[in-house]
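Engineer: Got a structure for you, written out below as structure tokens; questions coming shortly.
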Amino acid sequence: MASTSLAPLTTAFTIIILTFLNSSITVSASAGICYKSIISFGDSLADTGNLFHLDSPSSSSDAPHFFLPPYGETYFHHPTGRCSDGRLVVDFIAESLGLPLLPPYLARKDTSGSLDFLEGVNFAVVGATALDGSFFRERGIDNPATNASLATELGWFKDMLQSFCKKSDCKDFLQSSLVLMGEIGGNDYNYPLLQGRNIEEVQSFVPLVVQTISSAIQELIELGAVTLVVPGNFPIGCSASYLTYYQSSKKQDYDTDTGCIKWLNNFAKYHNQVLQSEINRIRELNPHATIIYADYYNAAMRLYRFPNKYGFKGEVLKACCGAGGPYNYNSTVPCGYQPAASCDDPSLYVSWDGLHLTEAAYRWIARGLLEGPFSTPPINTVCSPASTNFLGPRLEY
């Protein structure tokens with residue numbers, strides 16, 4: 001495996017500041033409603049069913065593996081199009097704010113357009129990239145899931161606004177909404193890295209990916225958004241898929257505390273550093289807006305460093321659902337296809353299928369965003385959440 005060393009990043013990352021700048025936002029402590037709606041963009045970390053409605057299979061034999069059991073088994077008891085055994089971070093945020101789980105925007109075409117998006121709507125799509133698909137096709141990089149990009153999702157959003165509200169009403173709607181910008185951009189790196197491209201080439205994509213995210217943020221602000229949450233990348237060097245693909249006999253490639261691949265995590269931190277710098281620039285240009293950096297990297301990293309503290313047992317880097325191998329991950333037999341099988345108790349695992357996390361892991365990450373210690377101030381100090389009981393007992397971190 002070819003590896004490289006990126007300069008270690010020593011900046012401590014602060015994540016989410018969920019606050020209110022616009023007087024049109026009604027905060028009801030008694031009802032626990034901080035925002036009237038959530039608008040979500042992103043990829044498989046946030047998709048609540050858009051790809052399912054974008055590419056509905058004619059039979060189970062044609063279905064992508066994440067449309068099949070055991071996906072969804074923990075909470076929904078059936079597949080929903082979410083790439084997990086249950087709920088995602090966006091689901092936990094919605095529940096904490098007293099809002100319903102976000103319907104996928106594309107579900108409207110299967111419900112005669114009768115879906116109500118007043119309290120939230122999700123545009124995230126499994127496999128989506130920040131950059132347009134043409135960027136990858138020109139470089140011979142395959143996107144096996146979808147041609148959707150961040151521009152595609154923004155296009156759907158603007159189409160919805162045209163039929164959903166008048167211009168002045170749209171501004172009110174956006175000002176009273178929490179906008180979740182992903183995570184988006186991870187697949188821009190996943191596809192080339194998991195197809196054998198070298199890290200130097202993929203590192204050159206980072207400024208383009210971040211600029212694309214930046215342009216989307218600016219466009220949403222111009223449309224009326226005032227509070228946006230922009231997550232960084234996860235520690236990909238702890239992912240069973242990467243650990244399998246880049247398995248190495250060199251001990252120096254691995255973090256001695258976690259077993260994660262150091263150079264891949266350094267790459268994720270590099271993306272996050274560039275993204276934060278760009279967020280700071282946008283903040284200066286838009287002082288009326290609150291743009292929040294969500295530190296997904298460190299929110300997840302604690303689960304790998306201290307798994308027992310958070311209820312994760314056994315080999316924390318192994319996937320719950322898979323078909324064997326050192327990390328229970330095999331890209332040719334993914335979770336959902338035979339003979340891959342789920343573990344007995346997904347709540348004891350961080351990794352669900354080698355690429356995505358379990359509901360239990362997403363619950364802890366959501367808690368880190370909603371209550372801290374990463375958020376400053378925690379969400380429950382600036383608006384009274386409807387309930388955080390579903391997040392489980394609070395721990396000292």
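The values are calculated or read from the model by the stated rules, or taken from the named source; none is laboratory data. Predicted model only: the values in this text are computed from it and were never measured. Positions of Cβ are generated from backbone atoms using ideal geometry, with glycine treated the same way; all protein chains shown enter the neighbour counts.
Engineer: Restricting attention to the range 361-377, and to residues there that are in contact with a Phe, Trp or Tyr (Cβ under 7 Å, 6 or more places away or on another chain) and more than 21 Å from residue 187 (Cβ to Cβ), which single residue is modelled with the lowest pLDDT?
Structural biologist: Here the answer is 373.
Engineer: Restrict the check to the range 337-348 and report whether at least one residue is modelled with pLDDT of 95 or more, within 14 Å of residue 307 (Cα to Cα) and touching a Cys at 6+ places or on another chain (Cβ under 6 Å).
Structural biologist: For the range 337-348, residues modelled with pLDDT of 95 or more, within 14 Å of residue 307 (Cα to Cα) and touching a Cys at 6+ places or on another chain (Cβ under 6 Å): present.
Engineer: Next up: Considering 331, 277, which residue is within 17 Å of residue 241 (Cβ to Cβ), under 22 Å from the mean Cα position of the chain (by Cα) and either without any contact (Cβ under 8 Å) to a residue 12 or more places away in the chain or surrounded by fewer than 19 Cβ atoms within 10 Å (Cβ to Cβ) (or both)?
Structural biologist: 331
Engineer: Please go through the range 63-110 and give me each residue that is assigned to a helix (DSSP H, G or I) and among the charged types (D, E, K, R), ordered by number.
Structural biologist: 91, 95, 108, 109, 110 - these are the residues of the range 63-110 that are assigned to a helix (DSSP H, G or I) and among the charged types (D, E, K, R).
Engineer: Let me ask you something else. Taking the residues in the range 123-165 that are of a type in the set (Ser, Thr, Tyr) and at pLDDT below 95 as candidates, determine which candidate is farthest from the chain's Cα centre (by Cα).
Structural biologist: This residue is 163.
Engineer: Something else: With (1) of a type outside the set (D, E, K, R); (2) surrounded by fewer than 24 Cβ atoms within 10 Å (Cβ to Cβ); (3) touching a strand residue (DSSP E or B) at 6+ places or on another chain (Cβ under 7 Å) as the list, and residue 194 as the residue in question, which single condition is left unmet?
Structural biologist: (3)
Engineer: Name the residues in the range 213-246 that are out of contact with any helix residue (DSSP H, G or I) (no Cβ under 9 Å at 6 or more places or on another chain) and surrounded by 23 or more Cβ atoms within 10 Å (Cβ to Cβ), would you?
Structural biologist: Passing the criteria: only 240.
Engineer: To continue, here is another question. What's the total number of residues in the range 280-304 that are in a helix (DSSP H, G or I) and surrounded by 17 or more Cβ atoms within 10 Å (Cβ to Cβ)?
Structural biologist: Residues that pass the stated criteria total 10.
Engineer: Can you name every one of the helices (runs of 4 or more DSSP H) wholly within the range 116-183 that holds 2 or more residues which are among the charged types (D, E, K, R) and under 17 Å from residue 228 (Cβ atoms)?
Structural biologist: Hits in the range 116-183: 150-164, 167-175.
Engineer: Before we move on, is residue 315 surrounded by fewer than 22 Cβ atoms within 10 Å (Cβ to Cβ), outside any loop (DSSP other than H, G, I, E, B) and among the charged types (D, E, K, R)?
Structural biologist: no
Engineer: Considering each of 217, 184 in turn, give the residue that is at pLDDT 95 or above, under 24 Å from residue 291 (Cα atoms) and in contact with a Gly (Cβ under 8 Å, 6 or more places away or on another chain).
Structural biologist: Answer to the selection: 184.
Engineer: Moving on to the next point. Keeping to the range 112-140, report how many residues are surrounded by fewer than 19 Cβ atoms within 10 Å (Cβ to Cβ) and more than 30 Å from residue 175 (Cα to Cα).
Structural biologist: Number satisfying all stated conditions: 7.
Engineer: Mind checking whether some residue in the range 68-81 is modelled with pLDDT under 60 and surrounded by fewer than 19 Cβ atoms within 10 Å (Cβ to Cβ)?
Structural biologist: No.
Engineer: Report, by residue number, each residue of the range 217-266 that is part of a helix (DSSP H, G or I), closer than 21 Å to residue 182 by Cα and small (Gly, Ala, Ser).
Structural biologist: 237, 241, listed by residue number.
Engineer: Next question, about the same structure. Here are 24, 3, 30: which of them is at pLDDT below 60, of a type outside the set (Asp, Glu), in a loop (DSSP other than H, G, I, E, B) and more than 29 Å from residue 292 (Cβ to Cβ)?
Structural biologist: Exactly one of 24, 3, 30 is at pLDDT below 60, of a type outside the set (Asp, Glu), in a loop (DSSP other than H, G, I, E, B) and more than 29 Å from residue 292 (Cβ to Cβ), namely 3.
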